[in-house]
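The structure appears right after this line, and notes come after that.
The values are calculated or read from the model by the stated rules, or taken from the named source; none is laboratory data. Small disclaimer: the values here were computed from a predicted structure and weren't measured. Here Cβ is always computed from backbone atoms with ideal geometry, including for glycine, and neighbour counts include all displayed protein chains.
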Amino acid sequence: MDLQHWQAQFENWLKNHHQHQDAAHDVCHFRRVWATAQKLAADDDVDMLVILTACYFHDIVSLAKNYPQRQRSSILAAEET
């Protein structure tokens, strides 16, 4: 399966599971991160599916900067997915 297929799958998942609070981390944010990552990885031999996945799920849990448990964001993101 190609990257466009996976991108559509990820966006569909986000639409169904991540339509909430943080407008700064909407699907447009993930698309911008993906666009930047593609440019950065253009000359490298990397697994673009891994890069795509990281781009779409890196901020799946985003806690406020002053939230006492903010350092747990990545742990909560892993549990979410």
Filtered residue count, the stretch 1-29, keeping only those that are part of a helix (DSSP H, G or I) and modelled with pLDDT under 90: 11
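Matching residues to (1) part of a loop (DSSP other than H, G, I, E, B); (2) of a type in the set (Val, Ile, Thr); (3) at pLDDT below 90; (4) on the phi > 0 side of the Ramachandran plot:
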{"residue": "Gln38", "(1), (2), (3), (4)": "no, no, no, no"}
{"residue": "Asp45", "(1), (2), (3), (4)": "yes, no, no, no"}
{"residue": "Cys55", "(1), (2), (3), (4)": "no, no, no, no"}
{"residue": "Ile60", "(1), (2), (3), (4)": "yes, yes, yes, no"}
{"residue": "Lys65", "(1), (2), (3), (4)": "yes, no, yes, no"}
Near pairs, Cβ below 7 angstrom, 6+ apart or cross-chain, from the stretch 34-50 (more than 16 Å from Ala8 (Cα to Cα)) to any residue that is at pLDDT 95 or above: Ala37/Ile51; Ala41/Met48; Ala41/Ile51
